[in-house]
Amino acid sequence: MIRDEPQGADLLSEARRVLADHVLPNLSSDMRYQTLMVVRAISLVESQLRASSDTESGLRDKLAMIAGDQATEREPVQLLSEQIRTGARDASAEVFCFLKQVAAFKIDETNSGKK
């Protein structure tokens, strides 16, 4: 669930800054209007990506809570995976709910342009 750095929102933020600070001041009025629309679109996507990061952070916190104290020796993902494979979490509604949330997060992220 952890993403590489810099994240997409960080890259968009830098692209938006370069457009606004360096490109926009040198454009004619017609091109300036079109570039302002692009800057606005980048800002909207950046906000959506940052919201997605907040969701991912919440999922990471929930995973740590589910894994509990046993996770101090191993990564929470590894621990939960092992518990699922051995059947130790088969009746856990909490784990089922968590996995549905992770699946929904991944689907939202991969289909974000198709909404």
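Coordinate-derived values only; no laboratory data. In this text, all values refer to a predicted model and were calculated from it rather than measured experimentally. Glycine gets a Cβ as well: all are built from the backbone with ideal geometry, and neighbour counts include every protein chain shown.
In segment 33-76, a dipole from Cβ-located charges (positive for Lys and Arg, negative for Asp and Glu) runs towards its positive end, and of 65, 41, 51 it is 41 whose Cα lies farthest in that direction.
With contacts taken as Cα pairs under 8 Å at a separation of at least 6 residues, the chain carries a relative contact order of 24 percent. Taken along the Cα-to-beta-carbon direction at a fixed 7 Å, the label points for residue 57 and residue 107 span 2.6 nm. Name the residue, out of 40, 16, 60, whose mean-square fluctuation peaks in a Gaussian network model built on the chain with Cα pairs under 10 Å. Most flexible of the set in this elastic network: 40. Of the DSSP H helices in the chain, those with a Cα length along their own long axis of 30 Å or more and a mean Kyte-Doolittle hydropathy reaching -1.0 comprise 29-67. Taking percent of Cα pairs over 23 Å apart straight from the coordinates, which label in [x] 49; [y] 69; [z] 40 is the correct one? Read-out from the structure maps to [x].
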